Amino acid sequence: MTSTGTRTDTSIGRGMHLVGMVNPPTSQYSENWRNPLGRTDWLSGAFYADLGRTLERGCFDMIFFADALAVPEDGAGEFATTLRTAGKGAIYLDPITKVSLVAGATSRIGLGATVSTSFIPPYTVARQLLSVDHLSGGRAAWNIVTSTTDAEARNHGHDGIAPPADRYDRADAVVDTVVELWRSWAPEALVHDQATGEFADATRVHRVAGSLSRGPLTLPQSPQGFPVLMQAGSSPRGRAFAARWAEVVFAIGDSPEAMRELRTEIRDRARLDHGRDPDAIRVLQGVQPVVGWTDAEAQAKLAALVAQIDLPGALEKLGRLLHAESLDPAARATEVLAAHRGATGSVGFEDMLAAVSERRGFTVADLAIEQALNQLHPQLVGSPATIADELQYLFESDAADGFIIMPALYHSSFEDFVNGVVPELQRRGIFRTDYSGVTLRDHLGG
């Protein structure tokens, strides 16, 4: 790709936005935990503190932590395959705990925690996240998910997961309640006047409407008001939810055209359906960079990553994901995906797998290897200048407001990006050279 487009939404004057996604032990590359260049101390605080400092050195807007509330199961309801193969979701520390730790190790970078709307009471969500926002000086974000699996539901005392439409209806109600709780204290409500003895102006604190909580919250508004709202749903219902609520959208497109179409749709929906300013929404595309000193070195790195993937193991992991007991590696991937429709619990994710498989003519073996390598996210391979070219083209052609950087290896992939690609973007004048504000909304230009 080459940089040929120009941006039309001039409000994003401070340039490209970058967010680091963290979900060890595998990341998007299934063999991360086995690679000698990957750190394996992901059960220690030092792992996350070091990573937060690395991304802050690179002036990233935010680090955010993925989460799930159960070890993923196969079609028989067993978790053995996930644990034996270190499948995605084998290990998840609590994200609120992780962002709190990183908050103490950093001073500027935003802190995103994934919290489900399906099982946790809105009052708890509101208080936990606003507590992080206060203690970090206004750097918190809520990555809103609905959860997708029966295993997660059963861990919380339910018979099974609700249908997608019901989950999103619940999410609308929960987010509405959480935001109202965050606003239950007016900005001037905390008086703290030692001379008069008035601590808070009770007339500026109110209860909230609805049946999920009555409030008020036990906290006033934070330095940025309240945490930034982030969301990653890609189904039609997920896009409608993003258009209503999200300030940051985590998007996945398998081509510049698909990226641009999604960004345009969400911005249009936000404006037409909810009266929102579309320039207040940051649509960030997920990418996996493989950075080398030269293009040839980067290609060699990619070849080494692919070589480490064992096809039988990759097929086993794909079978667990699709709830299939066995898979024919020579079968057409689109046919197998259609036969196991609904197995993952995420319609948007399955649509993405099918679209990429169709466009690239994947067999099941191809799909298994690609899923193990990058989970079918766009992969940028090359020198810092080559990868910067790709990112600049997508940014300037309105395909993205920035990018969710997903590493192949912890921490080396992030370090390569921060040491190589970030300075190249800064030289081109499309990414900040320092933080100009204190809060996450400052970084996002909100």
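The values are calculated or read from the model by the stated rules, or taken from the named source; none is laboratory data. Keep in mind that what you see is a predicted model, and the values were worked out from it rather than measured. For neighbour counting, all protein chains shown are included, and Cβ atoms are generated from backbone atoms with ideal geometry for every residue, glycine included.
In region 265-320, what residues are free of Cβ contacts under 8 Å to residues at least 60 places away in the same chain and small (Gly, Ala, Ser)? Those that are free of Cβ contacts under 8 Å to residues at least 60 places away in the same chain and small (Gly, Ala, Ser): Ala270, Gly275, Ala296, Ala300, Ala303, Ala304, Ala307.
Cβ-Cβ distances below 8 Å connect the following pairs, each with a first residue in region 44-71 that is on the phi > 0 side of the Ramachandran plot, a second residue that is in a helix (DSSP H, G or I) and β-branched (Val, Ile, Thr), and a separation of six or more residues or different chains: Cys59/Val422.
Restricting attention to region 6-24, does a residue exist that is modelled with pLDDT under 95, part of a loop (DSSP other than H, G, I, E, B) and buried (at least 20 other Cβ atoms within 10 Å of the Cβ)? Checked region 6-24: at least one residue is modelled with pLDDT under 95, part of a loop (DSSP other than H, G, I, E, B) and buried (at least 20 other Cβ atoms within 10 Å of the Cβ).
Per the listing Leu212, Leu318, the residue uniquely out of contact with any strand residue (DSSP E or B) (no Cβ under 8 Å at 6 or more places or on another chain) and surrounded by 23 or more Cβ atoms within 10 Å (Cβ to Cβ) is Leu318.
Checking each residue in region 241-281 for being outside any helix (DSSP H, G or I), charged (D, E, K, R) and over 19 Å from Val19 (Cβ atoms) picks out Asp254, Arg276, Asp277. Any residue that is hydroxyl-bearing (Ser, Thr, Tyr) and in a helix (DSSP H, G or I) - is there at least one of those in region 390-403? Yes, there is a match, as at least one residue in region 390-403 is hydroxyl-bearing (Ser, Thr, Tyr) and in a helix (DSSP H, G or I). Assessment of region 175-186 against the conditions (in a loop (DSSP other than H, G, I, E, B) and surrounded by fewer than 17 Cβ atoms within 10 Å (Cβ to Cβ)) yields at least one matching residue. Looking across region 404-446, the residues that are of a type in the set (A, V, I, L, M, F, W, C), more than 18 Å from Asp295 (Cβ to Cβ) and assigned to a helix (DSSP H, G or I) come down to Phe414, Val418, Val422, Leu440, Leu444.
Filtered by the rule that a residue be closer than 19 Å to Pro256 by Cα and touching an Asp or Glu at 6+ places or on another chain (Cβ under 7 Å), region 353-377 gives Ala355, Val356, Arg359, Leu376.
Taking residues in region 83-102 that are on the phi > 0 side of the Ramachandran plot, and partners anywhere that are assigned to a loop (DSSP other than H, G, I, E, B), the pairs with Cβ atoms closer than 7 Å and at least 6 places apart or on different chains are Ala86/Pro25; Ala86/Thr26; Gly89/Ala68; Gly89/Val71; Gly89/Pro72.
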